[in-house]
Amino acid sequence: MIRQDFQRIDPKRRATIDPKKRQFATPTYKQQDYPFRLNLYDTPPTAEITLEQFEQWAIDRLKVLAEIEACSYRNKSPAETEAHINPLLQRLLPLSSNTSSPHGAADQRLKNERQKDHYSHFILRLAFSATEDLRRRFARAETMLFRFRFQKDDSRERRAFVESLSLDWEPVSDEERHEVSESLGNSTPGLRNVNEEIWYKVDWEKVPELVERRTVHLKKGKAYVPGREQLSMIMAEFTARLERSLELTSRALPRLDEDDRLTPILNHLSKNFGSAESVYSEGEGHVDGAAITASSIDSLSQHFPLCMRSLHMNLRKNNHLKHFGRLQYTLFLKGIGLSLEECIIFWRQSFKGKTDDEFNSQYKYNTRHAYGDVGGDVNRRGRGYPPYSCQKILSDNNVGIGQTHGCPYRHYSVDNLVGLLQSTGVHDKEILRGVREDVGKQRYHIACNRVFEWSHKGEIKKVKEDGTWTQADLDTIVHPNTYFKRSYLLKQLAKAPGRDA
Amino acid sequence: MPHSVSPANSPRKDDEELPDAPVEGTAENGVKLEDLFNDDDNEEFPASTADMKMQSSPASVPEPTPAPSGVDSDIMLAFYQRLFPFRYLFQWLNHGIVPTRDFGNREFALTLQNDAYLRYQSYPTADLFRKDILKMNPSRFEIGPVYSTNPRDRKTLRGGQMKPVSKELVFDIDMTDYDDIRTCCQKANICAKCWAFVTMAIKVIDTALREDFGFEHILWVYSGRRGAHAWVCDPRARNLPDDRRRAIAGYLEILRGGSQSGKRVNLKRPLHPHVARSLDILKNNFAQTTLVDQDTFASSEQADRLLTLLPDKSLNNALRRKWDSSPDRPSASKWADIDSLAKTGKSSTLNTATLRDAKQDIVLEYTYPRLDAEVSKKMIHLLKSPFVIHPGTGRICVPIDPRKAEEFDPLSVPTVMELLTEIDAYDAKNPAGTTEAEMPDAEGSAVNDSDVKGGTRKMQDYEKTSLKPYIEFFRSFIAGLLKEERAVKREREETAPAVKADPMEF
């Protein structure tokens, strides 16, 4: 698997370069031709482009990546994503297959498209290698883009591309296939006939997705992968290579040999990878004029979204919450404006079974850490973690035994969910039916918003009628703290008519 | 004060305050100094360590045995001096005799007697490791990953420079995760009946790791109270990045969902070979442990829960009527009722295949290993070292032989007090031993090279105690690991010339 050698100078040649003349030696770069539509981006570009191109290409690609990321945050299905992304790709970053032109890969149009794709990728690498967070997001979005294109590629070209990668896959012999045919059939869902497939034996590390979903047969460290699972393997390869090179780029970045033409562009780019993730800014959930103290949480909990409400109910029932539940709830409370002191008092009072010593040694630190009162420099400067968004809570696909955090719409069984809703006073048959339907379609946001709209229908109607709130104020809720704030304000309005939002 | 502890006075030492004082003093100084540095965390850490602490807080330990619960610092010190196998622990983590980066850049985290927590400790050699442990006398310590640089130097590096590079793949099984399906004990307690769950878990996980993933060097360790840890030490496992660890954890995880998720095992048919094999292993355990020993479905709440897991409404109603009429019906009969009532054909909607699948799911839900998956997913997660003392129970975290997992009885694992008494008893019986007792035994547990001295083999203190078989098991485990390690190294050297040119590049 040592395959970085392509970047190194051949040792025989190296000896002949005079170190004094080395910097003046004419660089001989590998000429870029683009025989395939797809690209694993192994070789950096070397030709010259104008500054305008530099910026424009990067911005075009950035727009695509940002949209892809946004789609995944909104839990869009692959089909929806495709419908959304396709026109964008056509406009900003077209990439046609060889068959689309009579000249094949030699066509200048194809070359230009591929060059733009190639260069923009590497420009964004420079822009996004600076921090861990940016690297991860960039790698994720790029992988999604690559997967998207890979799936749309025509099958013959795709095969040629895959073959050009020379991945070490060992084909399974017929005898061996017969030996394990039953296991192969049982472990690979959606398979009609074991003997129809071409099977490959690869190290299981190459197909982590399949292993994690338990959809591949494993024996002594080898995974038996059917030919059609190529995608998974190639994705893994793509991500692995990209992550490795981003890592290398980030190390080389401080030594970037550059006057001040590129750096401002790069900085500008990385700032503009607008964090779709943090739709919530600090202090946004705070409600002015509401006295939020440890003792008022009980009464305020009627305004909490279901995830927080169920945590609160669990806390009151068991006088305890497990770690992730505590974290999720603490951050939410921080978001509604509960001060650190009050928050510690709140938890102290809630954990009735614990002595002061136990509380101080086991729980207090976590609370302070969440507020950024202790911990590393980064944590303190950032004032702890931000309150979790719905996206974050929903994406936790691993709520363990006895744990109560997460989103009830997603992590509870439907019957328990309905039970919980009823216990919070949602009895309307129509609403419950709607919730069941939404949950069945995995539209958890919609279910939660449905309940919100039902429980505030009087107030919403009112503010709409007297025009104090516009439609923008009643946008779909995608953050628990937004839920609280809106609920609280609506109820206040109802109580004291005439007060402004 | 290492030299002051001799076998003759160690039992009496409990009421002596003085020799202890300087040791604690230094420890405390150490803390303050280190605390200044200790605020640099990985985000995950305050959380995970606090959780670990929570599970084993000594205050809430109802003792299952009459053994003294508090292990005081003198006993701890005597244990480190005389019994703790520093040399073997070193060889295990170092993967060889000559100290390497594998040991030198390895993070240790010490919990001191005053509950202060020191992270990022590291030691270049076994002797320095032993010396520092004796000085700090921690109540326990944990093992973290090997870093790209020495963890002690982390403050001199720019942020993000220190990266974890390898660690054993670890698994953690804890009885608390079984609280909703065990009836014999709760919380921190265990008995032979519920230990059966851990035994099953060891069997299932061990088999999967060996047969499916091809790992060979898997060390199972009793966690000292109510669980077990696995350390997969194969080179391939040690170098796995986090996402591959997550993949293994996902592969092994069958139960999903929290307390409110309803049915937690929902498997697709046909069953994956790993699941089918696990089901084979667990079937008999279910019959014995769940139905007889635990009698899990005896209470009406548990029986109701069982009914919610069955697919057919009319069958459920028939079962409920039957069970309501005889409240004391044992679990085994209730389980048998499902099939016998199904056969009578009372329910017209019943689908036998669905029922069979549901029953399989139930068997798995009640017996399949419940792993603390977070521990396995992150390379940087710390896990308690083998052979340290569990501060609550005083028991040693001894290795478990997975081939004989059934024979392992957690309640017969020696406590540190018992071991020290055994040394004294042995020395009293064999006065010849006094000659070596005269020599300060400072290297007793660390140096094994001096085994042969003038033709007579010096007896190690651990050999006088019931800890001996465990240490010998550990030694043979390491021997197997080192053998493979050497083979890998040789292979690397043979292919070396081509690669060797590279480091000279710049």
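Some values worked out for this structure:
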| read-out | value |
| --- | --- |
| Test: residue in the range B:147-165 that is in contact (Cβ under 8 Å) with a residue 12 or more places away in the chain and within 16 Å of the chain's Cα centre (by Cα) | no |
| Verdict on residue A:417 being within 20 Å of residue A:476 (Cα to Cα) and either modelled with pLDDT under 85 or surrounded by 16 or more Cβ atoms within 10 Å (Cβ to Cβ) (or both) | no |
| Any hit, the range B:214-237, residues being buried (at least 22 other Cβ atoms within 10 Å of the Cβ), of a type in the set (A, V, I, L, M) and over 15 Å from the mean Cα position of the chain (by Cα) | yes |
| Helices (runs of 4 or more DSSP H) contained entirely in the range A:310-387, each with at least 2 residues that are over 25 Å from the mean Cα position of the chain (by Cα), closer than 26 Å to residue B:117 by Cβ and modelled with pLDDT under 85 | A:356-362 |
| One residue from B:256, B:305 being of a type in the set (Lys, Arg), without any contact (Cβ under 8 Å) to a residue 12 or more places away in the chain and more than 23 Å from residue B:172 (Cα to Cα) | B:305 |
| Filter result for the condition that a residue is on the phi < 0 side of the Ramachandran plot, buried (at least 20 other Cβ atoms within 10 Å of the Cβ) and of a type in the set (A, V, I, L, M, F, W, C), over A:167, A:218, A:231 | A:218 |
| Selection status of residue A:95, crowded, with 16+ Cβ neighbours inside 10 Å, assigned to a loop (DSSP other than H, G, I, E, B) and over 18 Å from the mean Cα position of the chain (by Cα) | yes |
| Residue check for residue A:111: surrounded by 17 or more Cβ atoms within 10 Å (Cβ to Cβ) and closer than 27 Å to residue A:54 by Cα | no |
| Residues satisfying the stated conditions in the range B:250-279, i.e. more than 8 Å from every other protein chain (Cβ to nearest Cβ), farther than 29 Å from residue B:487 by Cβ and hydrophobic (A, V, I, L, M, F, W, C) | B:254, B:265, B:267, B:279 |
| Listing of helices (runs of 4 or more DSSP H) fully contained in the range B:389-498 that carry 1 or more residues being at pLDDT 90 or above | B:416-429, B:468-494 |
| Close pairs from the range A:167-181: first within 15 Å of residue A:226 (Cβ to Cβ), partner of a type in the set (Ser, Thr, Tyr), Cβ under 8 Å, at least 6 apart | A:169/A:200; A:170/A:200; A:171/A:200; A:172/A:200; A:172/A:224; A:180/A:224 |
| Tabulated pairs, the range B:174-195, first in a loop (DSSP other than H, G, I, E, B), second crowded, with 20+ Cβ neighbours inside 10 Å and of a type in the set (Phe, Trp, Tyr), C-beta under 9 angstrom, 6+ apart or interchain | B:181/B:197; B:181/B:366; B:182/B:197 |
| Count of residues meeting criterion [surrounded by fewer than 18 Cβ atoms within 10 Å (Cβ to Cβ), within 12 Å of chain B (Cβ to nearest Cβ) and not in a helix (DSSP H, G or I)] in the range A:183-198 | 3 |
| Meets criteria (touching a helix residue (DSSP H, G or I) at 6+ places or on another chain (Cβ under 8 Å), modelled with pLDDT under 80 and surrounded by 14 or more Cβ atoms within 10 Å (Cβ to Cβ)) for residue A:212 | no |
| Odd one out for residue B:194 among (1) under 19 Å from residue B:481 (Cβ atoms); (2) crowded, with 20+ Cβ neighbours inside 10 Å | (1) |
| Members of the range B:218-227 found to be at pLDDT 95 or above and of a type outside the set (Phe, Trp, Tyr), listed by number | B:218, B:219, B:221 |
| Members of the range A:209-267 found to be more than 9 Å from chain B (Cβ to nearest Cβ), under 30 Å from residue A:194 (Cα atoms) and among the basic types (Lys, Arg), listed by number | A:228 |
| Residue count, the range A:320-360 (criterion: touching a helix residue (DSSP H, G or I) at 6+ places or on another chain (Cβ under 7 Å) and either closer than 15 Å to residue A:405 by Cα or within 14 Å of chain B (Cβ to nearest Cβ) (or both)) | 15 |
| Counted residues, the range A:159-179 - those being under 37 Å from the mean Cα position of the chain (by Cα) and either of a type in the set (A, V, I, L, M) or not in a helix (DSSP H, G or I) (or both) | 10 |
| Index of the failed condition, residue B:123 passing every other in (1) within 14 Å of chain A (Cβ to nearest Cβ); (2) surrounded by 18 or more Cβ atoms within 10 Å (Cβ to Cβ) | (1) |
| Check on residue B:209, assigned to a helix (DSSP H, G or I), farther than 25 Å from residue B:403 by Cα and of a type outside the set (D, E, K, R) | no |
| Output for the range A:431-459, where each listed residue is hydrophobic (A, V, I, L, M, F, W, C), within 23 Å of the chain's Cα centre (by Cα) and crowded, with 19+ Cβ neighbours inside 10 Å | A:439, A:447, A:448 |
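Yes or no, residue by residue, for (1) buried (at least 21 other Cβ atoms within 10 Å of the Cβ); (2) in a helix (DSSP H, G or I):
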position: B:251; (1), (2): yes, yes
position: B:304; (1), (2): no, yes
position: B:308; (1), (2): no, yes
position: B:327; (1), (2): no, no
position: B:333; (1), (2): no, yes
position: B:336; (1), (2): no, yes
position: B:341; (1), (2): no, yes
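The values are calculated or read from the model by the stated rules, or taken from the named source; none is laboratory data. This is a predicted model, so every value here is computed, not measured. No Cβ is skipped: glycine too gets one built from the backbone with ideal geometry, and neighbour counts run over all protein chains shown.
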